[in-house]
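What follows is calculated from the coordinates using simple rules that are stated; it is not laboratory data. Remember, it's a predicted structure, so these values are computed and weren't measured experimentally. Ideal geometry is used to build each Cβ from the backbone, glycine not excepted, and the neighbour counts take in all protein chains shown.
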């Protein structure tokens, strides 16, 4: 192949590799058992070379995509390439080995051509239930990784194509819903088989040596493209900080800080100044911090840079060990991925607001509103468990309002339909609505969060929670106001009003707790956070304020207080046409 | 309600395909075997005019027409152009905001990658805006128990508000109505009593499926189309009637079946994909006549490439489609459409990689070689540069090709990538072919179909041009090119269409139901499907959507003609395990199975079409050679002198060796080196890589 043919040959190779990853994903999603896979898309599929450098990936969960650079590379380095034989599948979920958090299991399978290792097919999936202190792993008040669930170091799940039953038995014994684990792991194994077969066929058609050379060139091209993108950002140092509510163990807020240095073609995100590691589970692993940083930079640069090892190289991350952004063993880390991860993306974007005011947006709602529950289903007599999350409002930007109710930036999950939820779990949903007034005021307002009310229909259900953004709203920019806060509250059967869990159950934190027992007739109210506003609210055109009031996403009181639009300016008839 | 012909004088069947530019009409007399075709310009805004003009151009006595089947873009156009009715929505208290909330996944970026990394992607606005939605007290809970009775007083008041606010149609969707439709039915009665002129659609009559967001959107879209569809059907019926037509008027539905006006007035959404499905249906019928049970229907036009994988002569059906990201929960032919066609633009992305499409020049200005002002290099320009598309014949109909303009734009592009013009043109074609091939792989290999068991049936203006290249890239051993590939889709209306379809949700573990229960429900569905068809040779097929308990995605599986007792249900389970194994590579015989929905389809056999067979001849095609010209046949576009054949001069039995070009009025076929083709007695070209057509 002559050098000038590359534009054609390389794009064919890149597209083929990406389409293999997509095929892997479709097979996994359609055959998995847990909603977190088949509705939530909480997984990734990717291909790596034999050194553990990413060759290609498909567009699934962004947090795992970023972290896979570490978990795969480190596993290959730790085990050595000789550990992989045809038909072997290795598994690990160790957050201290490059993972995002404990529920995410990496499965890695070698791809061979004529007996020689070419590279790897990898999937990472969020296994919904992994044992530990509370159902669904995301307990808000654990203090060590040992309480969070079953931790597997790299071990073989399959050897020579056969199940390594010793490992399976350990998992099936320690997970509360082993049937789901079994189904989901088999969906992942099926996906790996597809990746392996497709790459083998590709190697047979175009040769190993040429393919190795070409994937290296693809990475170099991505790197050059990303370097040009960074070079286009004005050089400088940009700092930003934000606080998290608490760590679930004590009520005190925690600070996250970043200084983003842009120097020519390189970008360094330095988190020095962030608070020390906490006792509670909001500590992020290094992989989370790096992945969140990549996510923020990808949002602000050309989205079409091919996603392989190259595009990550120009982005460097400094995260001091023993802090909230680089947890040391055995610190609790389960919420570092969902909660702290959102904030890491947010502060990197916030920092670059000064450099890229046209490209950034104000803060998104930045919490997963993780709500976990389980028990014995009154109708089936079987143990059930669920990991439930909510959508949030996104931030306003220079030219547009933020979107209402959208998945946080670190994931691409779909919500579970009410009618699917109610067939599986002993709850009846009383309402699922947009939360009025939750969008931060601004020339362009933040998007709205949601309100969900669930009523318990089993004699008892054990619930846990891991939210943030309940004390301070997501940041506004250029005079925009913060978005509305998230909350989780309870109304015991027969009570008049919803109360925070601190009041009703004496939890330390309002939204980070575990193993609270609620009973038939009790209602849980979950409100998700809104996005921050962008620009001065008083510059928002009257017509848009009127429309928001007409649509009941903005109350007349807020219209007056924040936008300076008095009730008599809201034209007659604007208050009719309410949805209820 | 009968398609029976009143006397031998009424026997013609007319098919009408309303396209973007032309309304094509084809008429067929099954008795005589005669075929007539005509066309008239499509008349946007009032499609009936074009239909009447095209039918008029047939010069056929409409009294002699037994049946008119037509595929209309009325519904699609109304949605795209925003000319649907302002629609009110009435739902269960607490849930109508799902129109705004949607399924929350971020996927509205321009491409897959921008969807996960774009701060600024626009979430689609709710199909029914907040101020046109109302809620009432009522609630059914799973598995169908009424928990809160319907507040009829409140319902009347809310509907009156919506009407006062300007709603011209009303959609009603209550939570868990598929499990107990009583509240929706009552709501419909109450609204009809208070507002007899207001079109009302209730969700259980449109999409009786579990998953409330998808169902409420589907119902709202359906309601919004009722006025425009009602007007259209009335006008076309009246206009045809005035011209003597007294036969049956049918419309194509999204899944390839047909239905009459009385069905569609209330369920216009069933016609949403009634246009593009015609080609796939025609492909399935041609496959049947050739004895090729498995074909990939491959339709490449100016802007897009539509593919469908036909297995056992059947067009695949998906349960859901989308319009502008709004989910439409009705059975629809499973067509995969990608932005790769003759007008797709070649460009280098910022990383220096070559991309072809999805950006397209469309019909205006079109490729540079059309000389209508196009200045960007397109796939068609690349084919012109390579000599695969010649000047003397055109895929575009009525367009003159100016090769020097193609040379100029491709030459300039070649400069950018440091290649000569021919190599750049060959590269553009290769990238486009790879994109098309990826799309076919996703529909075949990904679903457990081995492409080596398929033939590629190529049509549309640019399908046959790329067919052997795409087939080779996907390991499909045979290419089929029908006569008149450019007009192939409209034939679908004639041959198709004799099927109709009914479905109902039935969510229950297989072990908790009985064969009698399932049979009873299927019988009701079959009766509903048969109602539309009425005819002696009706065959009914039944299907069930099933999944392993705990799975979320279901798989549609054909059912036997009769399910008897325990053994019958065991057979149903075995069919599901087998289908799961075929599609995903494994089955879980130890796992319980869940039924999700049941389907029945009633169909009459399609008429055999004979579009004028070629005369028989020997193997030597030399008499059909009209010129020899240099054509770029190598990987880098290296040219070779190759024969160009005129399709109408070919004789049955002729064998053509690639590389060569076959031209006809509506399309050009390119046979790459190493491929050869035989002219079948039916007139189709059968090409294969090994030199011997199978």
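Worth pointing out:
- Distance in nm between pseudo-label sites at residue A:358 and residue A:220 (7 Å out along the Cβ direction from Cα): 3.3
- For the pair the range B:538-592 / the range A:459-491, the C-alpha centres are spaced 44 Å from each other.
- Take every DSSP beta bridge whose two residues both sit in chain B; close to 70 percent of them are antiparallel.
- Here the ratio of the Cα radius of gyration of the range B:128-244 to 2.2 N^0.38 Å is 1.17.
- Here r is the Cβ-Cβ distance between residue B:322 and residue B:154 and R0 is 35 Å; the resulting FRET efficiency, rounded to 0.05, is 0.60.
- The Cα atoms of the range B:463-525 give a gyration tensor whose axes a ≥ b ≥ c have a/c of 1.5 or more with a/b no greater than b/c, which makes the shape oblate.
- Taken residue by residue and averaged, Cβ atoms of other chains lying within 10 Å of the Cβ of A:303-309 number 5.
- Exposure proxy ranking, count of Cβ atoms within 10 Å, fewest first, for A:75, A:158: A:158, A:75
- Gain upon complete extension [residue B:627, residue B:347; 0.36 nm per residue less C-alpha separation]: 97.5 nm
- Packing order of peptides A:13-20, A:193-200, B:193-200, highest average first: A:13-20, A:193-200, B:193-200 (average count of other Cβ atoms within 10 Å over each peptide's residues).
- Cα→Cβ-extended label distance, 7 Å offset, between residue B:512 and residue A:423, nm: 1.0
- P(r) of the range A:361-540 over all Cα-Cα pairs, binned every 5 Å from zero, in whole percent: 2, 9, 17, 19, 18, 14, 10, 6, 4, 2, 1, 0
- Using the Cβ-Cβ distance between residue A:496 and residue A:268 with R0 set to 56 Å, the FRET efficiency from 1/(1 + (r/R0)^6) comes to roughly 0.55.
- With one equal scatterer per alpha carbon and no solvent term, the Debye-computed log10 I(q)/I(0) for the range A:476-580 at 0.12, 0.13, 0.17, 0.18 1/Å reads -0.61, -0.68, -0.88, -0.91.
- With kT/(6 pi eta Rh) evaluated at 4 °C and eta = 1.567 mPa s, and Rh the Kirkwood radius from Cα pairs, the range A:336-420 diffuses with a coefficient of 87 µm²/s according to Stokes-Einstein.
- The Cα-based radius of gyration and maximum Cα-Cα distance (Dmax) for chain B are 26.4, 82 Å.
- Averaging 1/r over each pair of different alpha-carbon atoms in the range B:499-603 and inverting the result gives 14.0 Å, the Kirkwood hydrodynamic radius.
- With the convex hull drawn over the C-alpha atoms of the range B:344-431, the volume per residue is 83 Å³.
- In the range B:622-688, Rg over Rh equals 0.96, where Rg is the alpha-carbon radius of gyration and Rh the Kirkwood radius from pairwise Cα distances.
- When the Cα atoms of the protein assembly as shown are aligned to their principal axes, the ranges along those axes come out at 91, 76, 68 Å in descending order.
- Gap separating the Cα centres of the range B:24-61 and the range B:615-694, nearest whole Å: 32
- P(r) histogram, all alpha-carbon pairs of the range A:3-224 included - 5 Å bins from 0, percent: 1, 7, 15, 20, 20, 16, 10, 5, 3, 2, 1, 0
- When Rg and Dmax are taken over the Cα atoms of the range A:146-249, they come to 22.5, 57 Å.
- Footprinting exposure proxy ranking of A:543, B:638, B:212, fewest other C-beta atoms within 10 angstrom first, gives A:543, B:638, B:212.
- Amide N of the range B:422-442 lying under 20 Å from the label point, which is placed 7 angstrom from the Cα of residue B:403 along Cα→Cβ: B:422-430
- Residue-averaged 222 nm ellipticity for chain A, from DSSP H runs of 4+ at -39500 (n - 2.57), nearest 500: -9500 deg cm²/dmol
- Where a label projected 7 Å from the Cα of residue B:193 along Cα→Cβ would reach, residues of the range B:64-107 with amide N under 20 Å: B:90-91
- Packing-based exposure ordering (other Cβ within 10 Å, fewest first) of A:184, B:24: B:24, A:184
- Among A:329-342, B:130-143, the peptide with the highest mean count of other Cβ atoms within 10 Å heads the list, and the full ranking is A:329-342, B:130-143.
- Stokes-Einstein diffusion coefficient of chain A, Kirkwood radius over Cα pairs, 20 °C, 1.002 mPa s, in µm²/s: 88
- Average Cα contact separation per residue, chain A, under 8 Å, 6 or more apart, as relative contact order %: 13
- If R0 is 51 Å, the Cβ-Cβ spacing of residue A:146 and residue A:568 corresponds to a FRET efficiency of close to 0.25.
- Helical mean residue ellipticity (222 nm; -39500 (n - 2.57) per DSSP H run of 4+; nearest 500) of chain B: -9500 deg cm²/dmol
- Taking a ≥ b ≥ c as the square roots of the eigenvalues of the Cα gyration tensor, the range A:26-131 is classed as prolate, since a/c reaches at least 1.5 and a/b is larger than b/c.
- Chain A: angle of helix A:341-351 to the longest principal axis, Cα-based, in degrees nearest 10: 80
- Counting Cβ atoms of other protein chains within 10 Å of each residue's Cβ and taking the mean over peptide A:408-420 gives 6.
- Inter-site label distance for residue B:371 and residue B:450 at 7 Å from Cα along Cβ, in nm: 5.2
- Relative contact order for the range A:424-580, counting Cα pairs under 8 Å that sit 6 or more residues apart, in percent: 30
- Normalised convex hull volume, the range B:117-183, alpha-carbon set, Å³ per residue: 136
- Using alpha-carbon coordinates, inclination of helix B:421-443 to the longest axis of chain B, degrees: 30
- Distance from the alpha carbon centroid of the range B:144-184 to that of the range B:314-353 works out to 35 angstrom.
- Compactness of the range B:407-491 - radius of gyration and Dmax, Cα, Å: 15.4, 45
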